[in-house]
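Structure record follows, encoded as C-alpha cells.
Since every read-out is calculated from the coordinates, none of them should be taken as a lab result. Computed from a predicted structure; not experimentally measured. Heads up, the Cβs are rebuilt from the backbone with ideal geometry, glycines too, and the neighbour counts pull from every protein chain shown.
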Amino acid sequence: MIILKTIAATQQFIVAEKQTGKTIGFVPTMGALHAGHISLVQQAKSETSLVVVSIFVNPTQFNDPKDLEKYPITIEADTEKLVAAGVNVLFLPSVAEMYPDEASKQMPYDLGYIDTVLEAAARPGHFKGVALVVKKLLDIVTPNKLYMGQKDYQQLQVVRKLIADFDLGIELISCPIIREPDGLAMSSRNVRLTGEHRIAATELSKALFKLKEDIAKQTPPSAKESAKQHLNSHPLIDVVYLEIVNGHTLVPISDVNEAPDIAALLAARVGGVHLLDNIILKP
C-alpha cells in the first residue's frame, strides 16, 4: 500500500494510474476504522481496479470543539487494517495540507433544506463542513465511484446533492449498515460506550426494527411516536430526533404512499455519546 500525504503527489499518482485504464474506487474516512469501513473497501475492490482510502479528521464538520478533541486517532492500527484489506493507496493529509488558510475553510455553497433538519438542526454547520471536505477530496482523488455507508444517511443525501449540483460525474455507492452481533450499528463512537450505556445503546436498533414491523399496520406518525416513547422511557437514552422521511428529500411523511423511498432516521445520546442509526422502510 502506498501512503501519500500531499495533494500534489496524490493527484499526480491518480492521473498516471488513470492513463493506464484503471478505475478508481474511493472510501473517505476519519479513521478509527472498524468492520463497517472495511466492508466499503471490500465492495470498492470488487468493482474498481484501484482503491484509495483517505483518513482525515476534518475539523470543519465539528460544531463542538470538545467532540473533535475526543475523536479517536488510531493511525497505526488503521494502516494495518487497510494493508490487510488490500487497499492500494492511503491518502493521509494534514490539516494544513487540506486547509492552508482561513479562506480555504469557507464553503460558498447552499445545501438548502437538507441542511436545516435532523442532524443539521442538532449540529449546526456540520454538513457545510462535510460538503466542504468531500468536495476537496473528490477534486483530489477524482474517483469513478465513491463508497459511503448508509449509517450516516443524511450525509449520503448531502453528498448525492453535492455530486449532482457540481455535475461531478461520480457514482455514489451507498453500502449497507454493518452491525455488531447485538444489533448496534458499528461506529467509531461506540468505543466511548461503557457498561450499562453500551447495553442501553442496543435499544436504538431494536426500536427501528420494531418500527419497521409497525409501519405495516400503523401510520408513520403513529409508528414513530410508539418508537419514540419506548426509547424515551429508558433512563439512559435521550432521543435527539426520530423521523420517518422521504428517502431522498428527507421531508417527513404521514403516509407510506407519499414517496417511493422511505427511511426512519434516529439520533440519540447514550451516556453523552451521540449515536446515529436508521432503517429503510421502503422499498
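Net length available on complete extension from H230 to I3 is 77.0 nm, with 0.36 nm assigned per residue and the Cα-Cα distance removed. Extending 7 Å from the Cα toward the beta-carbon at both T20 and E171 defines two label points whose distance is 2.2 nm. Taking the number of Cβ atoms within 10 Å of each Cβ as an exposure proxy, the fewest-first ranking of M107, M98, M1 is M1, M107, M98. At a Cα cut-off below 23 Å, give the lysines reachable from K22, other chains included and same-chain residues fewer than 8 away excluded. Within the straight-line limit of under 23 Å, K22 reaches these lysines: K5, K45, K135, K136, K145.
In terms of Cα to Cα distance under 20 Å, which lysines are near enough to K224, apart from those fewer than 8 places away along the same chain? Correct list for K224: K151, K206, K210, K212, K282.
Among L266, L236, L33, the largest mean-square fluctuation in a Gaussian network model of the chain, built with springs joining Cα atoms closer than 10 Å, belongs to L236.
The order of E119, E196, E180, going from fewest to most other C-beta atoms within 10 Å of their C-beta, is E196, E180, E119.
Using Cα-only point scatterers and the Debye equation, what is log10 of I(q)/I(0) for the chain at each q in 0.13, 0.14, 0.15 Å⁻¹, rounded to two decimals? The Debye formula, applied to the Cα set alone, gives -0.92, -1.06, -1.21.
Here the chain is assigned +1 on the Cβ of each Lys and Arg and -1 on the Cβ of each Asp and Glu. Its dipole about the Cα centre then comes out at about 340 debye.
With a cut-off of 11 Å between beta carbons, the residues surrounding T74 carry a summed charge of -2, where Lys and Arg count +1 and Asp and Glu -1.
Measuring r between the beta carbons of E76 and K282 and using R0 = 45 Å, the FRET efficiency lands at 0.60. Exposure proxy ranking for D67, D101, based on other Cβ atoms within 10 angstrom of each Cβ and starting from the fewest, stands as D101, D67. Highest average first, the peptides 9-20, 50-61, 34-45 ordered by how many other beta carbon atoms sit within 10 Å of their residues are 50-61, 34-45, 9-20.
Just from its helices, what would the mean residue ellipticity at 222 nm be for the chain, if runs of 4 or more DSSP H residues each count -39500 (n - 2.57) and the sum is divided by every residue, rounded to the nearest 500 deg cm²/dmol? The helix contribution divided over the chain gives -12000 deg cm²/dmol.
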